[in-house]
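Novice: Quick one: this structure, given as structure tokens, is what I'll be asking you about.
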């Protein structure tokens, strides 16, 4: 089994998109969560927060 690429995320997705592009240019395979955590929740997906 091949290892999965890490997924970067932040609140809105702006910072991780820039970071993912920089890492990709350096040959580091990463993905990012488009729209960040806010977009994830707006799409109806649940988010588990620690107590």
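The values are calculated or read from the model by the stated rules, or taken from the named source; none is laboratory data. None of these values were measured; they are calculated from a predicted model. No Cβ is skipped: glycine too gets one built from the backbone with ideal geometry, and neighbour counts run over all protein chains shown.
Novice: Return yes when residue 34 is more than 10 Å from the chain's Cα centre (by Cα) and at pLDDT below 95 and no when it is not.
Specialist: Here the answer is no, as residue 34 does not meet what is asked.
Novice: I would also like to ask the following. Out of (1) part of a helix (DSSP H, G or I); (2) surrounded by fewer than 12 Cβ atoms within 10 Å (Cβ to Cβ), what's the single condition that is false for residue 3?
Specialist: With (1) part of a helix (DSSP H, G or I); (2) surrounded by fewer than 12 Cβ atoms within 10 Å (Cβ to Cβ) applied to residue 3, the lone miss is (1).
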